[in-house]
Amino acid sequence: MAVISAGTLLYRNTNKGYEVLIVHPSGGYNKDAAWSIPQGKLDADETPEEAARREPLEETGAVFPKTPAS
């Protein structure tokens, strides 16, 4: 069975250009892990969009507004 994950590319445009949020897994066992966008596996009965919104909150503690894609 395929494992499904979802993530969110969070960015902002500043007067110096675009800034992108990337995260690094914590813990000594992850010291060689790559930096990435906040992402993770779907919980039971969760849609990909719900998981993509949940992951940044879990990984950063920040709440991001729901805005339509442009």
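Scanning region 17-31 for residues that are of a type outside the set (A, V, I, L, M, F, W, C) and in a loop (DSSP other than H, G, I, E, B) yields a total of 5. Considering only residues in region 32-52 that are acidic (Asp, Glu) and in a loop (DSSP other than H, G, I, E, B), the one that is nearest to Ile22 (Cα to Cα) turns out to be Asp32.
For region 7-17, the count of residues that are in contact with a His (Cβ under 7 Å, 6 or more places away or on another chain), without any contact (Cβ under 8 Å) to a residue 40 or more places away in the chain and exposed (fewer than 10 other Cβ atoms within 10 Å of the Cβ) is zero. Among the conditions (1) over 15 Å from the mean Cα position of the chain (by Cα); (2) surrounded by fewer than 11 Cβ atoms within 10 Å (Cβ to Cβ); (3) of a type in the set (Gly, Ala, Ser), the only one that Ala34 does not satisfy is (1).
Values in this text are rule-based calculations from the coordinates and carry no lab data. Just so it is clear, the structure is predicted and the values come from calculations on it, not from any experiment. Note that each Cβ is placed from the backbone with ideal geometry, even for glycine, and that neighbours are counted across all protein chains shown.
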